[in-house]
Amino acid sequence: MSSPTLPPPFGLIGLGQVGSTNDEARRRVSEGTAADLLVIMAETQTAGRGRRGREWRSPAGNLHASILIRLDRGLAESAQIGFVAALALVEGLGELAPDADFRCKWPNDVLCNGKKIAGMLLATAGDGWLVLGLGVDVAQAPPPGEALYAAIALAELGWNGETATVLAAFCRRFGPWLEQWRAAGFAPVRRAWLERSRGLGDQAVVRLESETLTGRFTGLDHDGALMLDQGEGGVRRILAGDVFFPG
């Protein structure tokens, strides 16, 4: 794995095999060696995790990274950084594979040609720090039936570059979008995310912990909640769940 050249002010620590890059980022917070926009990148993970504690396959050749972000506002508002990251990744991957259709999928996935290619996970890391975990299927995707959603890798598009290139493309977009979010709030991010979203206006199935809902995905609330129009049942505001678009 070569070391990418990241734009300032990003820093980089490249590792071999780790339990998870998120855990490595938290360790640096506890040691007092954290820095805003410090990236922890690893060749493989043995204990990578996605949303709701699901296992995240982490083979060599895919991108496994975590970014430390200094918080300057409350946790609820800082959750919007997940939308910032998805937007940046869609734009960055679009630079690498311009003929593919990359889309943001609520709450924190990126799709390529309708299949999942990347996921993100936000977690706190001590007082005043957020960790953004990022996984991109570069060399290989989970086989059918192993993941919650159909998946695809950049290699299947004929792209044969390195994970370092993918990380650099993401950071080039993430830095400016994060600065805009810090300066102007969620509104411009929300608008751009919706323009690049999967399923806006379409029928959706949303699986919650205790129930499954159906309705039309009509947009995002002011804080990033998914708005599900259930017709006579009214509009339901969804804060967490797994979303599927039939067909």
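Each residue in the range 153-163 was checked for being assigned to a helix (DSSP H, G or I) and either among the polar types (S, T, N, Q) or modelled with pLDDT under 95 (or both), and 1 pass.
Only residues that are closer than 17 Å to C104 by Cα, out of contact with any Asp or Glu (no Cβ under 6 Å at 6 or more places or on another chain) and not aliphatic (A, V, I, L, M) were counted across the range 223-245, and they come to 5. Please verify whether T21 is hydroxyl-bearing (S, T, Y) and without any contact (Cβ under 8 Å) to a residue 60 or more places away in the chain, treating the condition exactly as stated. Judged against the criteria, T21 is not a match. Output yes when any residue across the range 82-98 is assigned to a loop (DSSP other than H, G, I, E, B) and either modelled with pLDDT under 90 or more than 17 Å from the chain's Cα centre (by Cα) (or both), and no when none is. Yes, because at least one residue in the range 82-98 is assigned to a loop (DSSP other than H, G, I, E, B) and either modelled with pLDDT under 90 or more than 17 Å from the chain's Cα centre (by Cα) (or both). Considering the range 99-116, and only residues there that are within 18 Å of C171 (Cβ to Cβ) and under 10 Å from the mean Cα position of the chain (by Cα), the residue that is surrounded by the fewest Cβ atoms within 10 Å (Cβ to Cβ) turns out to be N108.
Every residue, every condition in (1) over 23 Å from D101 (Cβ atoms); (2) modelled with pLDDT under 95, yes or no:
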| site | (1), (2) |
| --- | --- |
| P143 | no, yes |
| L194 | no, no |
| L208 | yes, yes |
| L228 | yes, no |
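Taking the options C171, C104, name whichever one is modelled with pLDDT of 95 or more and either more than 24 Å from G241 (Cα to Cα) or in a loop (DSSP other than H, G, I, E, B) (or both). Result of the check over C171, C104: C171.
A count restricted to the range 1-41 and to residues that are over 12 Å from L68 (Cα atoms) and within 17 Å of the chain's Cα centre (by Cα) stands at 1.
The values are calculated or read from the model by the stated rules, or taken from the named source; none is laboratory data. What you are looking at is a predicted structure, and each value in this text was computed from that prediction instead of being measured. Reconstructed Cβ throughout: ideal geometry from the backbone, glycine too, with neighbour counts over all protein chains shown.
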